[in-house]
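Below is one structure, written out as structure tokens, with a few remarks after it.
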Amino acid sequence: MLEIRLQPALNTLDETVVMAYGTTTRRLNTGSISRITAEEIGKQPVTNVLAALSGRMPGVFVQTTNGLPGGNIKIQVRGRGSIAAGTDPLYIIDGVPVTSTPLNSLASNFQNINGLVSPLNSITPDNIESIEILKDADATAIYGSRGANGVVLITTKKGTSGKTEGHVNVYYGFNKSVRLPQMLGLNDYLQLRKEAYVNDNKEPSPADAPDLLVWDQRHYTDWGRYLLGGTGRVINTEVTLSGGSMNTHFRLGLSYRREGTILPGDQRYDRGSGYFNLDHSSANKKFSVQLSSRYSSDKNNLIKSIDFAGLYGLPPNYPIYNKDGSYNWTLTNPVAWLGQESKSKTENFIANGVFRYTLIKGLDLKTSIGYTKINMDMFSSLPASTQNPAFSPVSSANFGNNYNETYLVEPQIEYRRSVGKSKFSVLLGGTWQKVTTEGYYIFATDYTNEELLESLAAAGTISAKGSSYSEYKYASMFGRINVVNRQKYLLNMTFRRDGSSKFGPGRQFGNFGAVGVGWIFSEEPFFKNRLPFLSFGKLRGSYGITGNDQISNYQYLSSYKNGNVYQGIATLRPSILANDAFGWETTKKLESALELNFLKDRIALTAAYFYNRSGNQLIAYKIPYISGPFGSYQANFPGVVQNTGWELSLNTENITGQAITWQTSFNITFPHNKLISFPGLAQSSYANTYEVGEDLSIVKGYRFLGIDAGTGVARFQDIDKDGSLTYGLDYVVIGKTSPDIFGGLQNSLSLGSFSIDLFFQFVKQQSRINPRLYSIASQSNVLQYGLNRWKEPGDITNVQKPTATYGTPAFAAMQNLTNSSAGLIDGSYIRCKNVSLRYLISKPLLKKLHLKQAMIYLQMQNIFTLSDPEFSGLDPETVNGISASVPQMKSYVLGIQLSF
């Protein structure tokens, strides 16, 4: 008996790629779309699925701003195009737009130690089928005003035909800080402090130098290790059930994640979620419906935001307690600070339904209906016992709530037909969207018992500090024409007319569109016959216009807010100066790209060049306060921002045997941002922020000229040559913080049942270090490169001599160091981002265990980082100017996946 088994042989060029309002393939796509699959996401033990994108997509810069679970993650697609409006991409989950604006931005009191909390933390990474990021005009213009900063399409997993299957995925592990700040040890610190008094010709006293004369001179605390040296345990569990018949498919799942932190005390993050997907089609395939819903709830139990740099810089021998057992408040008290709680609970619900009916062959009617609601309850406390008693503190608490609710309806009609050797499709549709945002903020104080701080009823005084309500309405119509001729000539045209309630009468509507073309030249006989090693070659290009309306609501109206209470009566005061003469910010996008595959698609190379110009800038135009209680008003400004760059990606199949396979993926981006024009910049309030011809992320300050070898005092360039340094007048561009180069390198090796993946991320950039960490003065510790300080005449160094006295030349220079190029250092780094080891259980053992598939895996994230030694243990990704965020976490997890 002859048995024949067919193996799927789908070319990667023909794999489905999700695009705006439909799907395509890499072969026939005319736009720029980067993609990451469920397999790549599943190899990374991340809390927020956006962290899995870091370094893996050309043109997409992903930055984790805080390493604690729940922290915000920023995505920037092809650079920053707006001077003052928002630059976040549009996020869409299964066709439904979702907010990316952190809800705890309602008030600074609700920003705990992990900063702004990303709403996208509630998305379970295990439930993601793929993430596509749309970049150029051809891919994004059909989203009109919402596509100027790119579009992130998140597609969740769906059920398939066949027997009902169950899947279990469980892993357990721990997190550690990728780095700990390397401060001076006790002996080195004490020596530095003694030098400071010698330099100032002053004798230390117990009042101004307790670290030298009062506190313990033998025992010390490494404050960086104390704060960030803990271990956070993590457990993640997901259970799914899926299956279906020929006409009906379903998938449902539950997941739970609990993650501790590296901080002292009981700090943790909990997330639970459930989802359900159902799709059904009639027997004749004319009617189909897709329904999905997902609910998640996460809780952050952390501590309030704090100046980390100030805590790192505490003297190593700083005592926590006085002799009588009370807290020591000579400077601050990190242990007392741990008693200041900050809690948040976020609930996120997303539901959508897609109804499709085939009227006649090739003509489909479709309607998509979506609903989302994300709600955050917030609480923070400030017990009197955690504050300096010298200021007669009282216990207080903050209560807040903020929610965002979205309704979406998108009717569509699509016609597809083949005529001769051409295939074409026409799509027409409309969008109606309503977004409601509401929040409140209550301050409670005069508690008599700190144990009751979470109770409003126990407060002696309750006051409403603020409330907000806004509605955003959006309506549009869109269309697309796609033509494929002879499988080698490609044309894609899109159009959208958008209306936004953020603009005034006569300015509410904008027109956007794009044209994308492609030529698969490898299908031409000339290339087929002469270049047999070329298996695929395509030239593509696009040009179009997209818009941006990421500003606050009601900026074109005169509005009022509560003022002071006068004789027991609440008052109102103006808050916004009306201006209805502003409209859409627009971005013109141009791209050209070359795609090449060699040796039967074993080598795939893509090179793309983009050229974007953003104009009609939406900015808060500054005005003198003498004009009234307004500092600015919303307006269009004739400034122009340009983003250009090269994107390269290379994928190779190095070994393709049955026993062993080896694949490599590499991508690199060379972005360049420039402010092309800004009329009247020198006379505006932005004069010390931007400069024509420079990057928007420039840093201005004094130019550091090094340390005077004779005096040990820092020197700076006197631009106006008036003999003194003046804020602004002596400022120059000292650098920028946006990346010069970024990318990643992945190697995947499979040997029988074993497989390993190794991924490196790299960034070339500059970073700012907190001045408290490099300024040598007073009772403050510094990073270890303080060992290289000036000590005696003739020393050649870039680290100033220490000082302990206000008013000395060294002290004045130290203050100027804060705003100088001395704190802008090489922030480039190479990070071993991910290592994944997997072992598939053999089939005989699976049969005995009655399992369909089983896999044991070990995953490691952020294993090590190579960067400039000047960072002295700081994380170059999360260092951000004068704020010192919690560094990234390195994670080690061991897990098992079972299918039955």
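Taken together, the residues in the range 59-84 that are among the hydrophobic types (A, V, I, L, M, F, W, C) and not in a loop (DSSP other than H, G, I, E, B) amount to 6. Among residues of the range 327-353 that are over 30 Å from THR156 (Cβ atoms), those with a Cβ under 6 angstrom from a residue that is among the small types (Gly, Ala, Ser), sequence gap 6+ or separate chain, pair up as TYR327/ALA336; LEU338/GLY265; GLU341/SER381; SER342/SER380. Out of LEU837, LEU866, LEU874, LEU858, one residue alone is under 18 Å from LYS764 (Cα atoms) and assigned to a strand (DSSP E or B). It is LEU866.
Among the residues of the range 201-219, those identified as crowded, with 19+ Cβ neighbours inside 10 Å and either touching a helix residue (DSSP H, G or I) at 6+ places or on another chain (Cβ under 9 Å) or without any contact (Cβ under 8 Å) to a residue 60 or more places away in the chain (or both) are ALA209, ASP211, LEU212. Criterion applied to ASN175, ASN149 was being in a loop (DSSP other than H, G, I, E, B), among the polar types (S, T, N, Q) and either touching a strand residue (DSSP E or B) at 6+ places or on another chain (Cβ under 8 Å) or modelled with pLDDT under 95 (or both), and the one residue passing it is ASN149.
Applying the set (1) closer than 27 Å to THR155 by Cα; (2) of a type outside the set (Phe, Trp, Tyr); (3) out of contact with any Leu (no Cβ under 6 Å at 6 or more places or on another chain) to GLY370 leaves exactly one unmet item: (3).
Assessment of the range 382-400 against the conditions (touching a strand residue (DSSP E or B) at 6+ places or on another chain (Cβ under 6 Å) and under 26 Å from ARG146 (Cβ atoms)) yields no matching residue. The strands (runs of 3 or more DSSP E) found entirely in the range 689-800 that carry 1 or more residues being over 30 Å from SER614 (Cβ atoms) and over 30 Å from the mean Cα position of the chain (by Cα) are 704-707, 714-716, 741-751, 754-764. Looking across the range 248-263 at every residue that is of a type in the set (Lys, Arg) and buried (at least 20 other Cβ atoms within 10 Å of the Cβ), the one that is farthest from ILE128 (Cα to Cα) is identified as ARG257. Quick one: count up the residues across the range 30-48 that are more than 17 Å from ASP757 (Cβ to Cβ) and either among the small types (Gly, Ala, Ser) or crowded, with 22+ Cβ neighbours inside 10 Å (or both). Looking only at that region, the number is 6. For the range 360-412, the set of residues classified as more than 30 Å from TYR474 (Cβ to Cβ), touching a Lys or Arg at 6+ places or on another chain (Cβ under 8 Å) and surrounded by fewer than 16 Cβ atoms within 10 Å (Cβ to Cβ) consists of GLY362 only. For the range 808-825, the condition holds for no residue, the condition being that it is assigned to a strand (DSSP E or B), in contact with a strand residue (DSSP E or B) (Cβ under 7 Å, 6 or more places away or on another chain), within 22 Å of GLY185 (Cα to Cα) and of a type in the set (Val, Ile, Thr). Consider the range 147-188 and keep the residues that are aliphatic (A, V, I, L, M) and under 20 Å from the mean Cα position of the chain (by Cα). The one that is surrounded by the most Cβ atoms within 10 Å (Cβ to Cβ) is ALA148. Within the range 879-899, the residues that satisfy the criterion of being more than 13 Å from ILE262 (Cβ to Cβ) and at pLDDT 90 or above are TYR892, VAL893, LEU894, GLY895, ILE896, GLN897, LEU898, SER899. For MET246, the conditions (1) of a type in the set (A, V, I, L, M, F, W, C); (2) farther than 21 Å from PRO69 by Cβ; (3) at pLDDT 95 or above all hold with the exception of (3). Among the residues of the range 543-599, write down those that are among the basic types (Lys, Arg) and either within 30 Å of LYS528 (Cα to Cα) or surrounded by fewer than 21 Cβ atoms within 10 Å (Cβ to Cβ) (or both). Those that are among the basic types (Lys, Arg) and either within 30 Å of LYS528 (Cα to Cα) or surrounded by fewer than 21 Cβ atoms within 10 Å (Cβ to Cβ) (or both): LYS561, ARG573, LYS588. Screening SER685 with (1) assigned to a loop (DSSP other than H, G, I, E, B); (2) over 28 Å from GLN765 (Cα atoms) gives one miss only, at (2).
The values are calculated or read from the model by the stated rules, or taken from the named source; none is laboratory data. All values derive from a computational prediction rather than experimental measurement. Every residue, glycine among them, receives a Cβ derived from its backbone with ideal geometry; neighbour counts consider all protein chains shown.
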